[in-house]
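The values are calculated or read from the model by the stated rules, or taken from the named source; none is laboratory data. None of these values were measured; they are calculated from a predicted model. Methodologically, a virtual Cβ is constructed for each residue, glycine included, from the backbone with ideal geometry; neighbour enumeration extends over all protein chains shown.
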Amino acid sequence: MIFPDKLKKGDTIAIIAPSSTVSKEQAESCKKLVEEMGYNVKMGKCTYQSIHGYSSGTGVEKAEEINQMFADKEVKAIWCIRGGDTSSHAMDKLDFNMISNNPKIFVGYSDITNLNVNFNQKCGFITFHGPMVKSNMLNRYDDFTKNSFKNALNMENELVLENPSGEDFEVIVGGYAEGIIVGGNLSLLVSMIGTPYEVDTKGKILFIEDVNEEVRRVDRMMYQLKYSDKLDDATGIIFGDFTDCINKAKEDYTVVEMLKDILSDYKKPVMYNIKSGHCFPMSTIPLGTKCSMDTNTKLIKFKK
């Protein structure tokens, strides 16, 4: 796996909108914010567009934006403005050959899971499950999130994953595992099964998070991963944050209790309460790196 070149002040960052729309005012605020960080900014055209009320453009427009920014030699990093919906519309129009020849820092999560998985698998470079400009940086960019992002982008040979103070990693199944870390948002991982863009978990550590899903829906999606062998193929599982995923019918049967039931006979290590996903603060995970997880020491490490 290729680790993209590091950023320097004065480099050019592209801000793109592969999923849902933002207002023009928000797009301009995002541009100004990143410029104030010391970078030059190129805005993708989809950051200023809205169609159907929930998408930043057509699949063709989104793919053109992504392809253009990877092909642009001035652009050193690509940061997604937000997640949402419809990144899937661009998948069959992306030039994966060209993208693989132009690896660069790529950051996003949630609906961006489609892109992270396939840039890892088809293009062979590391991407970052980390903060997005409008979603995380514009109004709620706390010190922990900022430092975790910076540490991941600038990691040398090894990076230890940390949680915010007072939040411990927890264990469902004990053990030790190693493997490339893959994954992201549960809804997106499930939606790609049976397509050319589905996640390959064989011999890998699977990372999963989600937001605004009732426990019964998370239950159903986990069984789809189970029956499609994604869980058995993995060497271990790391669960990120399940923000606002509640059980309206029985509040004390939580996501964690449901996961424990599903994985009660699982023979590989499983950890949860990793604060990465739709939570504030959030830690950044360098997807595609070599990962080790040890439930005895509750230690998660990444290596290039």
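Being modelled with pLDDT under 95 and at negative phi is the requirement here; does Asn139 meet it? For Asn139, the condition - modelled with pLDDT under 95 and at negative phi - is met. Residues in segment 76-91 that are over 15 Å from the mean Cα position of the chain (by Cα), in contact (Cβ under 8 Å) with a residue 60 or more places away in the chain and either buried (at least 23 other Cβ atoms within 10 Å of the Cβ) or within 22 Å of Ser20 (Cβ to Cβ) (or both): Ala77, Thr86, Ala90, Met91. In segment 265-291, the residues that are of a type in the set (Val, Ile, Thr) reach residues that are modelled with pLDDT under 95 with C-beta atoms within less than 8 angstrom, at least six apart or across chains, in these pairs: Thr289/Lys304.
All of (1) under 17 Å from Ser135 (Cα atoms); (2) part of a loop (DSSP other than H, G, I, E, B) hold for Leu33 with one exception: (2). Within segment 93-114, the set of residues being closer than 21 Å to Glu74 by Cα and hydrophobic (A, V, I, L, M, F, W, C) comprises Leu94, Phe96, Met98, Ile99, Ile105, Phe106, Val107. Scan segment 216-244 and report the pairs whose first residue is in the same structural domain as Gly203 (by TED's automatic domain parsing) and hydroxyl-bearing (Ser, Thr, Tyr) and whose second residue is assigned to a helix (DSSP H, G or I) and at pLDDT 95 or above, with Cβ atoms within less than 8 Å and a gap of 6+ or a chain change. Close Cβ pairs (under 8 Å, with a partner that is assigned to a helix (DSSP H, G or I) and at pLDDT 95 or above) amount to Tyr223/Ile262. I'd like to check something: does segment 7-26 contain any residue that is touching a Phe, Trp or Tyr at 6+ places or on another chain (Cβ under 7 Å), basic (Lys, Arg) and more than 20 Å from Lys150 (Cβ to Cβ)? Yes, that holds for at least one residue.
Of the helices (runs of 4 or more DSSP H) lying entirely inside segment 63-154, not one is found with 1 or more residues being in the same structural domain as Glu213 (by TED's automatic domain parsing) and touching a Leu at 6+ places or on another chain (Cβ under 7 Å).
From the list Ile193, Ile208, Ile246, Ile274, the lone residue that is of a type in the set (A, V, I, L, M, F, W, C), at pLDDT 95 or above, in a strand (DSSP E or B) and under 28 Å from Ser135 (Cα atoms) is Ile208. Within segment 23-62, the set of residues being modelled with pLDDT under 95 and more than 17 Å from Asp85 (Cα to Cα) is empty.
In this structure, Pro164 does satisfy being under 22 Å from Leu259 (Cβ atoms), in a loop (DSSP other than H, G, I, E, B) and either of a type in the set (D, E, K, R) or at pLDDT 95 or above (or both). Note on segment 249-271: residues that are β-branched (Val, Ile, Thr) and modelled with pLDDT under 95 total 0. Being more than 19 Å from the chain's Cα centre (by Cα) and either buried (at least 24 other Cβ atoms within 10 Å of the Cβ) or at pLDDT 95 or above (or both) holds for only one residue in Asn114, Asn67, Asn120, and it is Asn67.
The numbered conditions (1) in a helix (DSSP H, G or I); (2) surrounded by fewer than 16 Cβ atoms within 10 Å (Cβ to Cβ) are all true for Lys6 except (1).
Scanning segment 169-176 finds no residues that are touching a Lys or Arg at 6+ places or on another chain (Cβ under 6 Å), of a type in the set (Asp, Glu) and either closer than 27 Å to His89 by Cβ or assigned by TED's automatic domain parsing to the domain that holds Gly288 (or both).
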